[in-house]
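Q: Okay, here's the structure, questions in a sec.
The values are calculated or read from the model by the stated rules, or taken from the named source; none is laboratory data. Model, not experiment: these values are computed from the prediction. Here Cβ is always computed from backbone atoms with ideal geometry, including for glycine, and neighbour counts include all displayed protein chains. What goes into the accessible areas is simple: the full protein's heavy atoms, side chains included, and nothing from ligands, DNA or RNA. Shrake-Rupley method; radii C 1.70, N 1.55, O 1.52, S 1.80 Å.
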Amino acid sequence: MNRFDNVAKDWESKPSRVQTAKSSVDNIKDIIDLKPNFKILDYGCGTGLIGFGLSTETNTVIGMDYSAGMVEKFNKKANELGFSNIRAVQHNINEQELPQNEFDLIAISMTLHHIKDTNMFIKKAKDALKTGGYLCINDLVTEDGTFHDEHKNEGVEHFGYDKDELCKLIENNDFELIEYKIVYTDYRNNKEYPIFQIIAKLK
């Protein structure tokens, strides 16, 4: 059992997590015309704050997460709300492929910094998207390694991201950048941690 399994049941009790997701979802809806038949992947879905925020009565949302506890909480919530078009499955991006040419939008929120090979994820996301599909990344601007102080950086592979370096990786994988924007600022450890959102479209 990893630490995310342990905290799954109380994950949404932290206001900053909820607000980060809400700010991200609101910005996606402002920028992207979410068609009724969209198939959406919420990668590193946690308990579904992004996925449920993007779900409608007619689209399909798949959540994927390494943590069995998060997936269980996600699916329990979907069942309790009576949502038949949204579900989550366990997935390890380091060892498993994603479905090919399947999604209209992939969102990954506060998860990329837990994945060692950033380019590998972007490449797998590219292969999983339909032509013209969208990749939406929410994560930390480069920080000093104190954001996860409470957990001694367990499972953390990157202390945030440099805008130019990440944007270049995305463009090198045949994406057109639509927007880079700070959507939320988290306050902890007496510091400010800006959280960006990148929205890119597969050419």
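Q: Just give me the residues in segment 99-154 being more than 17 Å from Ile62 (Cα to Cα), open to solvent by 30 Å² or more (accessible area, probe 1.4 Å), touching a residue at least 12 places away in the same chain (Cβ under 8 Å) and not in a loop (DSSP other than H, G, I, E, B), in sequence order.
A: Across segment 99-154, the qualifying residues are His114, Asn119, Met120, Lys123, Thr131, Val141, Asp149, His151.
Q: Mind telling me which of the residues Lys152, Lys126 ends up being modelled with pLDDT of 95 or more and basic (Lys, Arg)? Break it down into steps so the answer makes sense when it comes.
A: Numbers: Lys152 fails: modelled with pLDDT of 95 or more.
None of the others qualify; the one that does is Lys126.
Q: I'd like the full set of residues that are in contact (Cβ under 8 Å) with a residue 60 or more places away in the chain, open to solvent by 70 Å² or more (accessible area, probe 1.4 Å) and out of contact with any strand residue (DSSP E or B) (no Cβ under 8 Å at 6 or more places or on another chain), limited to segment 51-72.
A: Glu72
Q: Please determine whether any residue of segment 84-96 is over 29 Å from Glu192 (Cα atoms), open to solvent by 60 Å² or more (accessible area, probe 1.4 Å) and among the small types (Gly, Ala, Ser). Before the answer, list the steps.
A: Taking segment 84-96 first, the residues over 29 Å from Glu192 (Cα atoms) are 84-96.
From what is left, the residues that are open to solvent by 60 Å² or more (accessible area, probe 1.4 Å) are 84, 87, 90, 94-96.
With among the small types (Gly, Ala, Ser) added as a condition, the list becomes 84.
Checked segment 84-96: at least one residue is over 29 Å from Glu192 (Cα atoms), open to solvent by 60 Å² or more (accessible area, probe 1.4 Å) and among the small types (Gly, Ala, Ser).
Q: Whether any residue in segment 161-178 is of a type in the set (Val, Ile, Thr) and farther than 23 Å from Asn94 by Cα is what I want to check.
A: Step one: filter segment 161-178 for residues of a type in the set (Val, Ile, Thr), giving 170, 178.
Among the residues that remain, those that are also farther than 23 Å from Asn94 by Cα are: 178.
Yes, segment 161-178 contains at least one residue that is of a type in the set (Val, Ile, Thr) and farther than 23 Å from Asn94 by Cα.
Q: Within the group Lys168, Lys163, Lys191, which residue is open to solvent by 60 Å² or more (accessible area, probe 1.4 Å), within 21 Å of Pro15 (Cβ to Cβ) and either modelled with pLDDT of 95 or more or not aromatic (Phe, Trp, Tyr) (or both)? Before you say what the answer is, go through the steps one by one.
A: On the way: Lys168 fails: within 21 Å of Pro15 (Cβ to Cβ); Lys163 fails: within 21 Å of Pro15 (Cβ to Cβ).
Exactly one of Lys168, Lys163, Lys191 is open to solvent by 60 Å² or more (accessible area, probe 1.4 Å), within 21 Å of Pro15 (Cβ to Cβ) and either modelled with pLDDT of 95 or more or not aromatic (Phe, Trp, Tyr) (or both), namely Lys191.
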